[in-house]
Amino acid sequence: MRRWLGLLVVLGLGIAAPLRAQTAPEIAALDPDIDAILAQWMAENHIPGMVFGVVKDGKLAYVKGAGVLDLVVKRPAGPDSLFRIASMTKAFTAMSILRLRDEGRLALDDPADRYVPEMRGWTYPTSDSPRITIRDLLTHSAGFVTDDPWGDRQQVLSQTVFTALLKAGVPFTKAPEMRHEYANLGYAILGRVIANITKSPYRAYVEKTLLAPLGMSATGYDVLAHPKDKRAIGYRWENGAWAEEPTMKDGAFNAMGGLEVSAADYAKWLAFVLSAWPPRDGAEVGPVKRGTVRQVIRGVNNAAVFRRPATGGADQCPGTVSYGMGWRVIGDCDYGTVLAHGGGYPGYGSHVMVLPEYGAALFALTNRTYAGPSQPVWDIAALLRAKGVLVKRAEPVSADLASFYSAAQTVWAAGNTDSLAGRVAMNFPMDRTAANWAKVLAETKAQAGSCDTGAPISAEGAMSGTFTWKCEKGRIEGEVLLAPTKPITLQALSYTFEGKD
């Protein structure tokens, strides 16, 4: 904590007490570097208080608080402090919809007006517009206009007023399913879908089926009932000073952004989400099936170019981003599939980054209006990856793939494909004759010189993999591709020589 002291004194916020954390040793070693990233971002963005956490190996492996929860008593921020997470609530709403689907109580392609009768009289923008479906609402493709920050201020709307709003109809910016456009209204409607199907308040279903089973006892929507000494007071920064934001009570738009969590509780949610990867045999122990959890990355639409919010992100390799179900789904050159979301709200800003292929997640919670801490979260992820703390899980090598890789090594050593007799798919001899294989192998071996063929194969799945052999004059990049046959056969094999740089 020492490196926080100067920043906290400058801000006039007092000093945060040491946190109760079961810190992973490999992350603890990077504590000064993490401190520096967070401290600089807080100072530059006028953040009263903040909590940052890393979930790894199924637990909160690192947590750090800085600053204060309020500017009067100056209570320090810590792992049990309560912050509103705004739009990161949408992941809970989407998971609830998927659970209802699993229960057979709705289908994702059902028209939403089947469950929200006030929508049945709506005037669509064109005569050929499809009716809005549950899936359209989940993926923000219902044709509604982007409604930040209007939607944020609707949190306190009563259910009666919301019903009247729906009955009056809403204007469209596009016909449904034409493009992704982020709309809080759509998730508020999903909250009404859940309430009407379960015949109880939306939040009651989330509390009963997700929060309680995960032991998230401090988390909830009725923020006015939460312990005052634990709650972070929300502030905005304007005219060179902080001003307190009004506390918004639970209301009709809670499904889009009303949840309040502690870092300790939120880590349980992220551990549950991460537990769905990789697919495997075994008992289901979570409140939602693993296969269902993984479906949050489905339904993506209208992919766009993604630039990392990290420092220097514009100069780093671009990726793709689409919206799944309660998550932005990113395809990143280093991290693979990333689930991410921000939470912007009057008085609060948050960000979460889930790395299923690394078995880890990072998040940050703050109490300043729209202070989305995406940059420090992504910067720290890059730090942890560079230092070997975050390591991508290796795909297991199946017995079939291992067997055919051994055959590939034999083929190389022999200089011919005789050993593959009876083990290849029908296309294999048609794509290259045995005589031509011998010719190509001889030429490639002459180019490469002696090679160390003992390197393991890297699986891309149960039936394909790549390998790299270091050679006297360069390296061999190879691939083994099996055919979808029973018994398993080889459909393609390659050895590509690449000279030394």
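Where a number appears in this text, it was derived from the coordinates with a stated rule and is not lab data. Being a predicted model, the structure only gives us computed values, none of them experimental. Positions of Cβ are backbone-derived with ideal geometry, glycine not excepted, and every protein chain shown enters the neighbour counts.
Brief remarks on what is shown
- Labels on offer are (i) 3, 15, 20, 18, 14, 10, 8, 7, 4, 1, 0; (ii) 4, 18, 29, 28, 16, 5, 1, 0; (iii) 4, 17, 24, 21, 15, 11, 6, 2, 0, and the one holding P(r) over Cα pairs in 10 Å bins from 0, in percent computed from this structure is (iii).
- Length gained on full extension, residue 225 to residue 413, computed as 0.36 nm times the residue gap minus the Cα-Cα distance: 60.4 nm.
- Since only 126, 163, 139 are under comparison, the one whose Cα sits farthest along the positive direction of the charge dipole of region 125-164, derived from C-beta charges on Lys, Arg, Asp and Glu, is 163.
- Check: the chain dipole with +1 on Lys, Arg Cβ and -1 on Asp, Glu Cβ, in debye: 820
- Each residue of region 51-58 was assigned a 3J(HN,Hα) from its phi angle through the Karplus expression (A = 6.51, B = -1.76, C = 1.60, θ = phi - 60°), giving 10, 10, x, 10, 9, 8, 6, x Hz with x at Gly and Pro.
- Ranked by how many other Cβ atoms sit within 10 Å of their own Cβ, fewest first, the residues 68, 424, 156 fall in the order 156, 424, 68.
- Only helical runs count toward this figure. For the chain, summing -39,500 (n - 2.57) over DSSP H runs of n ≥ 4 and dividing by all residues gives -8000 deg cm²/dmol at 222 nm.
- Of every Cα-Cα pair in region 399-499, the percent that sits beyond 17 Å: 48
- Between region 303-358 and region 401-480, the Cα center-to-center distance that results, in Å: 38
- Charge dipole of region 62-154 about the Cα centre (unit charges at C-beta), most positive-ward option of 112, 66, 149: 66
- Compactness relative to 2.2 N^0.38 Å, alpha carbon Rg of region 119-159: 1.38
- The ranking of 134, 457 from fewest to most other beta carbons within 10 Å of each one's beta carbon is 457, 134.
- Full extension of the chain between residue 462 and residue 243 yields a length gain of 73.2 nm, computed as 0.36 nm times the residue separation minus the alpha carbon distance.
- Segment residue 168..residue 23, full-extension length gain: 46.9 nm, with 0.36 nm per residue of separation and the alpha-carbon distance subtracted.
- When 139, 320, 337 are sorted by how many other C-beta atoms sit within 10 angstrom of their C-beta, beginning with the fewest, the order is 320, 337, 139.
- For region 399-499, the residue among 426, 493, 454 whose Cα projects farthest onto the positive side of the dipole built from Cβ charges is 426.
- When the listed pairs 64/208; 59/249; 56/392 are checked against a 22 Å cut-off, the alpha-carbon distance exceeds it for 64/208; 59/249.
- Straight Cα distances below 25 angstrom link residue 445 to the lysines 470, 473, 500, with same-chain residues fewer than 8 positions distant left out.
- Taking the Cα centre of region 399-499 as origin and assigning +1 to Lys and Arg Cβ atoms and -1 to Asp and Glu Cβ atoms, the resulting dipole is close to 160 debye.
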